[in-house]
Amino acid sequence: MMKSMKARAKAGNALIYAILSGLSFIWLLPIVWLIMSSFRKEPGAYTAYIIPKEFTLDNYTRLFTETTLFNYPRWFMNTLIVAIFSCIISTVIVLLTSYALSRLRFKMRKPMMNIALVLGMFPGFMSMIAIYHILKAFGLTQSLFALVLVYSGGAALGYYISKGFFDTIPKAIDESAMLDGASKNTIFWKITLPLSKPIVVYTILMAFIGPWVDFIFVSVIMKDNYQNYTVALGLFQMLSRENIYQYFTRFAAGAVLIAIPITILFIYMQKYYVSGITGGSVKG
Amino acid sequence: MKGGTQMTNGLKAFGKRIGLFFTHFSQGDIITKASYFVMGLGQFLRGQWVKGAAYLGVQLIFIYYMLVSGISSILGLRTLGTKLQERVWSEERGIFVVQAGDNSMLMLLFGVAAIFVVLAFVMVYWMSVSGSYQNQMTLEAGKKPLNFRQEIDVYLNEKYHITVLTLPVFLTFLFTIVPLVFMILLAFTNFDRFHQPPGNLFTWVGFENFTAALWKDPLKSKTFIDLLIWTLIWAVFATVLNYIFGMVLAIMINKKGIKLKKFWRTIFVITIAVPQFVSLMLMSQLLADQGTLNVILQEMNLIDKFLPFLSDPTMAKITVIVVNLWVGVPYSMLITSGILMNIPTDLYESAKIDGANAWVQFWKITLPYMLFVTGPYLITQFIGNINNFNVIYLLTRGGPLSLEYFQAGKTDLLVTWLYKLTVNEQNYSLASTIGIFIFMLSAFFSLIVFNKTASTQKEDDFQ
């Protein structure tokens, strides 16, 4: 009796292993294909095989040497600059907002959270179009500065995840500090922030990654100003009908280059990501 | 219901303030009364020099702004411009020169901005007069109003929320609220490519765009209704399938006896981490008519003609839902696996004693528990899918295009249609109208959630 049950459990597990392996294959296939294409010597987008006939590093080196049509190094620097500045601004804004909405009690708190909720229901780039016209009125469109403003200006509305984290810090800590005569400002800088390193790191990294993966906003802002493109928009151009045959392998190389650091960051951050999203609902 | 009471509370508070505004004036001494006309006087004359000077500065700047451009900006909102751009013969230069007319877009923009400036000023004004009255009360009670130093201390402690939130609120106004108001107003104009400033004017047309999208214009209304239905179908399938498959995957990985849990999880997480624009553009190459998948299948002689994964309307719709599984299942796997581990094990133990098999356990314990805990997450996902731009646009660009539709393709969602209307078609008024409809859709579904869940009200219990 016991034996047959064990055997059945074993068979069940074997089935699960088989399914998991199959799924892993499906899920990894496009990524393997991307990496393989980035090392492929033969040009062209559509090949009937996945492992290249000849391997080469040319696709990577030419990204950085042949810059007349597609200036990858320049786009890379653009994205880096925009990412650094918008990361600083939005981190500050997000942390301030979520701290206030989580730890402080004031009359406008609930209304403000409701307003944020309502604002979030409008499609994101509806306001984007207006921002484009506003920036145009000030002669700022197609500049990196405009892009920084766009990425960090709306940051306050993304306060949920870090608010969820601040909510978990026991209030008793604040109260005992207050009894010792600490002001709320002191509490924020000296107690809450040091206790919140994970969420600070998370906020910084998320804000930093944003510009690397965004495609919509930058395409509205930059239009045809190739010099100020970010990596995402630039790579998108490589896949246009005229370019795809010649540039597909180079697109793959460029994509791999930005996907690697983002992948590492994300694997490192996944637990914060999950607790941030489920945090609010688990508590309900 | 909740929103309703909040609204009436807000109105009551507003009415109370208006009442206070007049009682303070009648009860105020001469300084308080004077500060109703010269802002900051009630602070300046009572020892708060910095604050008083700041209020006076605000008032002077405001008056200057209103006289120079504010008033004309607000008046401009009535017509959005009357003077067309013209070519006039210039005697001295001997050529036609372009004489600038009114720019409707800028007039609308500056008009909206001016209204917000006025509102902000009213708020500052209220702060100054009520502050002045409070100072009078403090003095009458025999105390001294706070000096600048003490005031700063207050803003670092009791009123810390004001210090902390000023910048975020300001930026949100600038980059979200003002643009949204501007866009909402555009929905009531005829701003399309035939009314494009600076060459042409546009003006108010009332609800014309709304009626056109709903029934009046056959082409537009057919597009709108069809895309609305497809958007809802898409959102339901994308949300439900992702959720169920993600949960099944998580259950498999978390099952007792399965080794290398972390390894399996990481494999699926990798696909989340690859930027979506990369993986989706890759997929669109893979699935194109002459794409790799078709080439491979043809070389293996499994098919004679390519399969129209992305070019046949029905097939393309199925393809985007399937590819979205590839994108979304790892997310829901990640989210659900944490919660699955939190399900109290004694529930399962007692079920086992009662002789329930794995299937029954899933339906009777796992699923109800998960739905209870992740209900809000599911609705957020649903709304997210209504607005899912990336998957559709990067995969099919909304195609295959259709002549039955106004500037849209068979797989276009309302959002991607909105994008196309603005970027390719410059039909801003119709795009804004669609945006408002999308908002109503999301708001409708959010309302259901927030009436059903109490999690937002209970937040205090956990601190």
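Summary of values
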{"item": "Test set (1) at the interface with chain B (Cβ under 8 Å from one of its Cβ atoms); (2) more than 26 Å from the chain's Cα centre (by Cα); (3) open to solvent by less than 30 Å² (accessible area, probe 1.4 Å); (4) more than 30 Å from A:GLN270 (Cβ to Cβ) - A:ASN185 fails condition number", "result": "(3)"}
{"item": "Selected residue (criterion: nearest to the other protein chains (Cβ to nearest Cβ)) from residues of region A:188-206 that are of a type outside the set (A, V, I, L, M) and open to solvent by 50 Å² or more (accessible area, probe 1.4 Å)", "result": "A:TRP189"}
{"item": "Given (1) under 29 Å from B:PHE263 (Cα atoms); (2) open to solvent by less than 10 Å² (accessible area, probe 1.4 Å), number of the condition B:TYR348 does not satisfy", "result": "(2)"}
{"item": "Which numbered condition B:ASN301 fails, given (1) within 14 Å of another protein chain (Cβ to nearest Cβ); (2) in a helix (DSSP H, G or I); (3) surrounded by fewer than 17 Cβ atoms within 10 Å (Cβ to Cβ)", "result": "(2)"}
{"item": "Test for B:TRP264: is it more than 14 Å from every other protein chain (Cβ to nearest Cβ) and without any contact (Cβ under 8 Å) to a residue 24 or more places away in the chain", "result": "no"}
{"item": "Residue check for B:PHE175: outside any helix (DSSP H, G or I) and either basic (Lys, Arg) or at pLDDT below 90 (or both)", "result": "no"}
{"item": "Identity of the residue in region B:267-295, open to solvent by 40 Å² or more (accessible area, probe 1.4 Å) and not acidic (Asp, Glu), that ends up farthest from B:SER402 (Cα to Cα)", "result": "B:ILE270"}
{"item": "Subset of region B:222-247 (residues that are among the β-branched types (Val, Ile, Thr) and either in a loop (DSSP other than H, G, I, E, B) or buried (at least 17 other Cβ atoms within 10 Å of the Cβ) (or both))", "result": "B:THR223, B:THR231, B:THR239"}
{"item": "Hey, B:VAL360 of a type in the set (Val, Ile, Thr) and surrounded by fewer than 16 Cβ atoms within 10 Å (Cβ to Cβ) or not", "result": "yes"}
{"item": "Residues that are open to solvent by 30 Å² or more (accessible area, probe 1.4 Å) and either in a helix (DSSP H, G or I) or within 20 Å of A:VAL94 (Cα to Cα) (or both), drawn from region A:215-228", "result": "A:PHE217, A:TYR226, A:GLN227"}
{"item": "Count of region A:66-92 residues which are over 20 Å from A:SER152 (Cβ atoms) and surrounded by fewer than 15 Cβ atoms within 10 Å (Cβ to Cβ)", "result": "5"}
{"item": "Within region A:155-182, tally of residues that are among the small types (Gly, Ala, Ser) and either under 26 Å from the mean Cα position of the chain (by Cα) or facing chain B (nearest Cβ under 8 Å) (or both)", "result": "5"}
{"item": "Qualifying residues in region A:169-180 (those that are open to solvent by 80 Å² or more (accessible area, probe 1.4 Å) and in a helix (DSSP H, G or I)) - the one farthest from A:LEU95 (Cα to Cα)", "result": "A:LEU179"}
{"item": "Qualifying position, being touching a residue at least 12 places away in the same chain (Cβ under 8 Å), more than 14 Å from chain A (Cβ to nearest Cβ) and part of a loop (DSSP other than H, G, I, E, B), among B:GLY131, B:GLY81", "result": "B:GLY81"}
{"item": "Selected residue (criterion: surrounded by the fewest Cβ atoms within 10 Å (Cβ to Cβ)) from residues of region B:149-176 that are closer than 18 Å to A:MET126 by Cα and facing chain A (nearest Cβ under 7 Å)", "result": "B:LEU174"}
{"item": "Selected residue [at pLDDT 85 or above, within 19 Å of the chain's Cα centre (by Cα) and more than 11 Å from chain B (Cβ to nearest Cβ)] from A:TYR229, A:TYR247", "result": "A:TYR229"}
{"item": "Search result, residues across region B:416-443 that are more than 9 Å from every other protein chain (Cβ to nearest Cβ) and in contact (Cβ under 8 Å) with a residue 24 or more places away in the chain", "result": "B:THR416, B:TRP417, B:GLU425, B:GLN426, B:ASN427, B:SER429, B:LEU430, B:THR433, B:PHE437"}
{"item": "Identity of the residue in region A:105-140, within 17 Å of B:ASN387 (Cβ to Cβ) and in contact (Cβ under 8 Å) with a residue 12 or more places away in the chain, that ends up surrounded by the fewest Cβ atoms within 10 Å (Cβ to Cβ)", "result": "A:GLY124"}
{"item": "Set B:ARG46, B:ARG87: member being free of Cβ contacts under 8 Å to residues at least 60 places away in the same chain and either basic (Lys, Arg) or buried (at least 18 other Cβ atoms within 10 Å of the Cβ) (or both)", "result": "B:ARG87"}
{"item": "Residues (more than 8 Å from chain B (Cβ to nearest Cβ) and either open to solvent by 30 Å² or more (accessible area, probe 1.4 Å) or of a type in the set (Ser, Thr, Tyr) (or both)) located in region A:93-104", "result": "A:SER98, A:SER102"}
{"item": "Of all residues in region B:181-196 being open to solvent by 10 Å² or more (accessible area, probe 1.4 Å) and either in a helix (DSSP H, G or I) or in contact with a Pro (Cβ under 8 Å, 6 or more places away or on another chain) (or both), the one that is farthest from B:ILE115 (Cα to Cα)", "result": "B:ILE184"}
{"item": "Filter pass, A:SER21 being within 14 Å of chain B (Cβ to nearest Cβ) and within 21 Å of the chain's Cα centre (by Cα)", "result": "no"}
{"item": "Unique residue being touching a residue at least 12 places away in the same chain (Cβ under 8 Å) and in contact with an Asp or Glu (Cβ under 6 Å, 6 or more places away or on another chain) when the list is B:GLY409, B:GLY375, B:GLY398", "result": "B:GLY398"}
{"item": "Hits in region B:108-124 - residues which are open to solvent by less than 50 Å² (accessible area, probe 1.4 Å) and either more than 14 Å from chain A (Cβ to nearest Cβ) or of a type outside the set (Gly, Ala, Ser) (or both)", "result": "B:LEU108, B:LEU109, B:VAL112, B:PHE116, B:VAL118, B:PHE121, B:VAL124"}
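To keep it simple, each residue is scored yes or no on (1) closer than 21 Å to B:TRP264 by Cα; (2) in contact with a Pro (Cβ under 9 Å, 6 or more places away or on another chain); (3) assigned to a strand (DSSP E or B).
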{"site": "A:ALA7", "(1), (2), (3)": "no, no, no"}
{"site": "A:LEU15", "(1), (2), (3)": "yes, no, no"}
{"site": "A:SER21", "(1), (2), (3)": "yes, no, no"}
{"site": "A:ILE26", "(1), (2), (3)": "yes, no, no"}
{"site": "A:TRP33", "(1), (2), (3)": "yes, no, no"}
{"site": "A:GLU42", "(1), (2), (3)": "no, yes, no"}
{"site": "A:THR47", "(1), (2), (3)": "no, no, no"}
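The values are calculated or read from the model by the stated rules, or taken from the named source; none is laboratory data. What you are looking at is a predicted structure, and each value in this text was computed from that prediction instead of being measured. So basically every Cβ, Gly included, is an ideal-geometry build from the backbone, and we count neighbours across all protein chains shown. Heads up: the accessible areas ignore ligands, DNA and RNA and are worked out on the full protein's heavy atoms, side chains in. Shrake-Rupley method; radii C 1.70, N 1.55, O 1.52, S 1.80 Å.
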